[in-house]
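Reviewing the structure listed below.
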Amino acid sequence: MDRKVGLWKETMQGLKTWARVNSPWVLHFNSGSCNGCDIEILATLTPRFDVERLGIKLQASPRQADILLCTGPVTRQARERLLRIYEQMPEPKFVVAIGSCALSGGVFQGCYNVMDGIDHVIPVNAFIPGCPPRPEAIIDGVVKLLSSLASPTSKTQPQSLEVEKVSV
Amino acid sequence: MESKREPERFTIAIGPQHPALKEPGSFQFTVDGEIVTKAYVRLGYAHRGIEKAAEQRNWIQDLYLLERICGICSHIHATAYCLAAEQLAHVEAPPRAQAIRVLVAELERIHSHFLWIGVSAHEAGFETLFMYSWRDRETVMDLLEGLTGNRVNYSVNVLGGVKCDIDKEQTAAILKGIEFLEERAHHYFDVLTKDTMFLQRTRGIAVMSRNQAEVMGVNGPTARASNVARDIRVEAPYAAYKQYPVKMALDTRGDLEARFVVRVNELFESFRLIRQILATLPEGELAARFPRRVPAGEAVMRVEAPRGELFYFIKSNGTDKPERVKVRTPTICNMTSVIKLAVGNQLADVPMILAGIDPCFSCNDRTVQLREAGNKTSSMMTWEELRLHGIKFYEGLYK
Amino acid sequence: MNTEEILTLASGIVSSWDWATEISRPNPKQLDVKVNSLQELVPIVVGLRVKRLGYLAAIVCLDPGPASKDMEVLYHFCPGDAVIALRVRVPRENGVLPSLCEVIPGAEVFERELHEMFGVEISGLHTPDRLYLPDDWPINVYPMRKDFDPNVLSAN
């Protein structure tokens, strides 16, 4: 009986991973960037790069998103909203920081109104450098994240159910 | 049985989640049924303290900082800064450099307007036009990449000139690309002015008279659509616009359709200008020598960004860092018009009105704040809760 | 009218007024009008508007530093290619400028920015709310002043 339950759990886990990897729903948030990275993210949806053929769909609501694509150096005003959006996303969730500003503040490092990077506010799973990164680079980064999910290692396991608020 | 109820006024928040918006803002529209009665805007989500940072970096570092104020019009910011700094340093960039600056500025205008056509269509729910125009936009992105090495943030300017040159192959590629884009622009002009479904969203909506536009201080294509003849390239030519004059695109109607027509006409003018520049590009150097320390003084530079008039004020105190850099972007002037125009129009038209001034995107927030008129209490609801509230409300009403 | 004619005309009009102003031409395209009294700012702006001498392009504030007891506020009006800059000195501490909202509604956003960045009080503003700075920004901290200390923020 135990063996049957174990087999059932394993199958369900495999099915969930398959669905998550093959059809991730992404949410995009701009935490104060110059919009260069945001245009490149939108360009990935347009016919030349077309991520929808990979199953990636842009969502408007955090409640239905798997992956948060975040750009911008996180201004003080946007920080609260970013945290709120992150908390609204259901588990398991992943965050991709796109662009130099999201990684470290970029050219705005040290400015009085920025938090110098998304990982100062929420935990990040993947970093995509560039100013802005090309759409191919963004797709590559997201695909790398998905491949690591398909064959999970300890570094990319979904976040624990107890979400700790990252203090700034 | 007569049922009496107090009119309920809802305040609907739009934003601050805005993909690719220059100034992501939080708008609050108070509605009475479908008609907007009051509008309020809260900016500050992309405020990064750039003016302060510019005072702490040297002139060359500031060039790279100011380019990244906006990803869509990064070249025009850099151009304005370089022209103002060159004015202070009494340095004249060579004619070839000025012409290349104008060339890239016009290519940027083309890219921005195609982007805008797609985005406004997306606001209107016309996804097909969004996809088509962004596909066509890839052509101009390729041209810019071939010329400068990057699709966004081209970084063509250096203090004293430009760093990228154009050779015969690039010229041929640009001309071929322009030909394709011009044919597509004609097609979009037809769609935007003849498609009945789209015209219902744009014709006669959010009309701004010439007087209103002047009083509110609107600039750029938004003003030109209301017959305000204001175009810095024509009134105060900078860089190579004296050698390559531009014709202003004006429209008298002042509604959303006029704003579309003006921008597409500007596209045609840009195509013509690029052909003219490529045919008569002056020979010469690419950059003049620029001093490390800029002499003290003040300079004002006004340029025509794709969105309107961009104003730069630079003050130097003779050191290698500027004393003050003031940037006044066009959207802040046009934002007042959104607030004033939204009032009296339907809520469904508000995203189009916002898109009409070309601020990039706006996206709906996920909660609605219900504020009962006359009652100081308010409650936060999700869309689902609001839907159930509505069902219960009407059930109670008609029992 | 070309730039020179516009500025000569403007210069003549401004000098014919009774208000306390000093005129200078720092460069061929610019006319600087130094307004010596804060109360006369609004009448001068009305005068420029009536004569259709340009639209308000920007309001810029210059802070020479904590040693100076005044800051300078510049109002740039742009008729065609020319720039007319009205220069007003306002005290650093408790300085109050009259608002231009009644004359030029579009000036409101510029004045809100001026207030929250430099701490200049504007009397008569319709909406004195924050424009660019976040909601949790400490009050009486003006980031664009030369004596702004970023450590004040991390203390909060």
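Any read-out appearing in this document is the output of simple, stated calculations on the displayed coordinates, not a laboratory observation. On a predicted model such as this, the values are computed, not experimentally measured, just so you know. Glycine also receives a Cβ, built like all others from the backbone with ideal geometry; neighbour counts cover every protein chain displayed.
Somewhere in the range B:204-217, is a residue under 30 Å from B:PRO95 (Cβ atoms) and of a type in the set (D, E, K, R)?
Going through the range B:204-217, the residues under 30 Å from B:PRO95 (Cβ atoms) turn out to be none.
Within the range B:204-217, none of the residues are under 30 Å from B:PRO95 (Cβ atoms) and of a type in the set (D, E, K, R).
Given the condition of a type in the set (Phe, Trp, Tyr), closer than 19 Å to C:THR21 by Cα and buried (at least 22 other Cβ atoms within 10 Å of the Cβ), answer yes or no: does some residue in the range C:100-110 qualify?
Our first condition is that a residue be of a type in the set (Phe, Trp, Tyr); within the range C:100-110, this holds for C:110.
Checking which are closer than 19 Å to C:THR21 by Cα leaves us with none.
The answer is no, given that none of the residues of the range C:100-110 is of a type in the set (Phe, Trp, Tyr), closer than 19 Å to C:THR21 by Cα and buried (at least 22 other Cβ atoms within 10 Å of the Cβ).
(1) under 29 Å from B:ILE232 (Cα atoms); (2) surrounded by 21 or more Cβ atoms within 10 Å (Cβ to Cβ); (3) in contact with a strand residue (DSSP E or B) (Cβ under 6 Å, 6 or more places away or on another chain): which one isn't true of C:MET144, the others all being true?
(3)
What is the residue count in the range C:29-80 for residues that are assigned to a loop (DSSP other than H, G, I, E, B) and under 20 Å from B:VAL218 (Cβ atoms)? Steps first, please.
Pass one, the range C:29-80, residues assigned to a loop (DSSP other than H, G, I, E, B): C:29, C:36-37, C:51-54, C:63-69, C:79-80.
From what's left, under 20 Å from B:VAL218 (Cβ atoms): C:52-54, C:79-80.
Qualifying residue count for the region: 5.
Could you look through the range B:150-171, keep only residues that are under 23 Å from B:THR280 (Cβ atoms) and of a type in the set (A, V, I, L, M, F, W, C), and pick out the one that is surrounded by the fewest Cβ atoms within 10 Å (Cβ to Cβ)?
Of the residues in the range B:150-171, the ones under 23 Å from B:THR280 (Cβ atoms) are B:154, B:156-157, B:160-171.
Still in the running and of a type in the set (A, V, I, L, M, F, W, C): B:156, B:162, B:164, B:166.
Values: B:VAL156: 26, B:VAL162: 26, B:CYS164: 18, B:ILE166: 20.
It comes out as B:CYS164.
In the range B:127-180, which residue that is touching a residue at least 60 places away in the same chain (Cβ under 8 Å) and within 14 Å of chain A (Cβ to nearest Cβ) is nearest to B:TRP59 (Cα to Cα)?
Among those that are touching a residue at least 60 places away in the same chain (Cβ under 8 Å) and within 14 Å of chain A (Cβ to nearest Cβ), it is B:SER155.
Out of the range B:51-82, which residues are more than 7 Å from chain A (Cβ to nearest Cβ) and over 19 Å from the mean Cα position of the chain (by Cα)?
B:GLU51, B:ALA54, B:GLU55, B:GLN56, B:ARG57, B:ASN58, B:TRP59, B:ILE60, B:GLN61, B:ASP62, B:LEU63, B:CYS82
Could you go through the range A:130-137 and let me know if any residue there is within 14 Å of chain C (Cβ to nearest Cβ), within 24 Å of B:CYS70 (Cβ to Cβ), surrounded by fewer than 21 Cβ atoms within 10 Å (Cβ to Cβ) and among the basic types (Lys, Arg). Walk me through how you get there before you give the answer.
Just the residues of the range A:130-137 that are within 14 Å of chain C (Cβ to nearest Cβ), to begin with: none.
No, the range A:130-137 has no match at all.
Which of the following residues is among the small types (Gly, Ala, Ser), under 23 Å from B:ARG328 (Cβ atoms) and surrounded by 23 or more Cβ atoms within 10 Å (Cβ to Cβ): B:ALA236, B:ALA206, B:ALA213, B:ALA225? Before the answer, list the steps.
Details: B:ALA236 fails: surrounded by 23 or more Cβ atoms within 10 Å (Cβ to Cβ); B:ALA206 fails: under 23 Å from B:ARG328 (Cβ atoms); B:ALA213 fails: surrounded by 23 or more Cβ atoms within 10 Å (Cβ to Cβ).
Among B:ALA236, B:ALA206, B:ALA213, B:ALA225, only B:ALA225 is among the small types (Gly, Ala, Ser), under 23 Å from B:ARG328 (Cβ atoms) and surrounded by 23 or more Cβ atoms within 10 Å (Cβ to Cβ).
Taking B:ARG263 and the conditions (1) assigned to a helix (DSSP H, G or I); (2) surrounded by fewer than 17 Cβ atoms within 10 Å (Cβ to Cβ); (3) within 20 Å of the chain's Cα centre (by Cα), which numbered condition does it fall short on, given that it satisfies the others?
(2)
Grab the helices (runs of 4 or more DSSP H) fully contained in the range A:21-111, keeping just those with 1 or more residues being more than 10 Å from chain B (Cβ to nearest Cβ). Please lay out each step first, then the result.
Working: elements: A:36-43, A:76-88, A:100-104.
The helices (runs of 4 or more DSSP H) meeting that bar are A:76-88, A:100-104.
Would you mention how many residues in the range B:284-308 are touching a Lys or Arg at 6+ places or on another chain (Cβ under 6 Å) and buried (at least 23 other Cβ atoms within 10 Å of the Cβ)?
Just the residues of the range B:284-308 that are touching a Lys or Arg at 6+ places or on another chain (Cβ under 6 Å), to begin with: B:284, B:298, B:304, B:306.
Filter again for buried (at least 23 other Cβ atoms within 10 Å of the Cβ), leaving B:304, B:306.
Qualifying residue count for the region: 2.
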